[in-house]
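Note sheet for the following structure.
Read-outs throughout are calculated quantities, based only on the coordinates presented, and are distinct from any laboratory measurement. Note that this is a predicted model, so its numbers are computed, not measured. Using ideal geometry, Cβ is built from the backbone for each residue, glycine included, and neighbour counts are taken over all protein chains shown.
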Amino acid sequence: MLVDSNQFVVCLTGMPGAGKSTVARFLQENGFYPIAMGDVIREKAKENNLPLDDYNLGELMKNFRKTHGNEIIAKLTVKKITDLKNIDFIVVDGIRSYDEFIILKSIGYVKLLAIHASSDIRYDHIKQRDRSDTPANHENFMQRDEREMSVGISKAIALADESISNNNITVNELREQVEWIIKKWIDEYNNSKQENNIATTPS
């Protein structure tokens, strides 16, 4: 299942509340089409008439992976990308294992960006965003961390192409770091396209 090799896909990974959604929003504002991997689970929860809270989504994620394999969400995400026509720049929010990244890496020019933040800062971020899946308390938050690590997110974070520490920096400073990294990657992406064109052009 391959898509246009000219597509440039930025994958985001990081523990809950690190700032991935903020970074995805930055990229969307700069022309990237957003895909949230967590939406796959939310859609399944709606199909089963389950409340979209932290416990139900977490259990559904684990059971869905157990039934269909750890790479199932990545494969469904690839299908979403395959269905996109004439869209070259995509940001995928929510890589939870390095195996997921490897699957996405087969579909174009793909990079993995990890966002780091301390446990306290992440918990504050999560409380501020006040979503339906916000953990009820710090204990539930820690349980969510354990669940994410059990899926394999630590390896994805450790092996990311670039990483940003979102500790004690402003939103503007975070944006600047993201823009610097993305500019570098876009330059590499454009160079690779030129090289491929030269390599595939008959002499």
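Give the residue list of trypsin sites (Lys or Arg not before Pro) in the range 124-175 that are DSSP loop and have at most 16 other beta-carbon atoms within 10 angstrom.
R131
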Cα convex hull volume per residue for the range 92-186 (Å³):
109
With no solvent and one point per C-alpha, what does the Debye sum give as log10 I(q)/I(0) for the range 1-112 at q = 0.12, 0.13, 0.15, 0.24 Å⁻¹?
-0.41, -0.48, -0.64, -1.42
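For the range 113-203, with only Lys/Arg (+1) and Asp/Glu (-1) charged at the beta-carbon, what is the dipole magnitude about the Cα centre, in debye rounded to 20? Before the final figure, lay out the partial values.
Working: 11 positive and 16 negative charges, 37 e Å.
Roughly 180 debye for the range 113-203.
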Filter the cross-link list K79/K105; K80/K193; K20/K79; K105/K193 down to pairs whose alpha-carbon distance in this structure exceeds 20 Å.
K80/K193; K20/K79
Just want the answer: with Cβ charges of +1 for Lys and Arg and -1 for Asp and Glu, which residue in P135, A160, L50 is farthest toward the dipole's positive end in the range 47-167?
A160
Quick one: helix 119-129 against the long Cα principal axis of the chain, what's the angle to the nearest 10°, folded into 0 to 90?
90
With a Förster radius of 30 Å, plug the Cβ-Cβ distance of E162 and N49 into 1/(1 + (r/R0)^6) and report the FRET value to the nearest 0.05.
0.15
Starting from the 7 Å offset along Cα-to-Cβ, what nm value, one decimal, do you get for the label separation of N190 and D124?
3.8
Which stretch or stretches of the range 29-73 have amide N atoms under 12 Å from the point lying 7 Å from D99's Cα along the Cα→Cβ direction?
65-73
Rounding to the nearest 20 debye, state how big the charge dipole of the chain is about its Cα centre with +1 on each Lys and Arg Cβ and -1 on each Asp and Glu Cβ.
420
Can you quote the Å³ per residue value for the convex hull of the Cα atoms in the chain, rounded to an integer?
121
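Determine by what factor the alpha-carbon radius of gyration of the range 4-70 differs from 2.2 N^0.38 Å, reporting the quotient.
Relative to the 2.2 N^0.38 Å estimate, the range 4-70 comes out at 1.31.
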Taking Cα pairs closer than 8 Å and at least 6 residues apart, the relative contact order of the range 101-173 in percent is 53
Rounded to a whole number, the Stokes-Einstein D of the range 91-143 in µm²/s (Kirkwood radius over Cα pairs; 10 °C; 1.306 mPa s) is 119
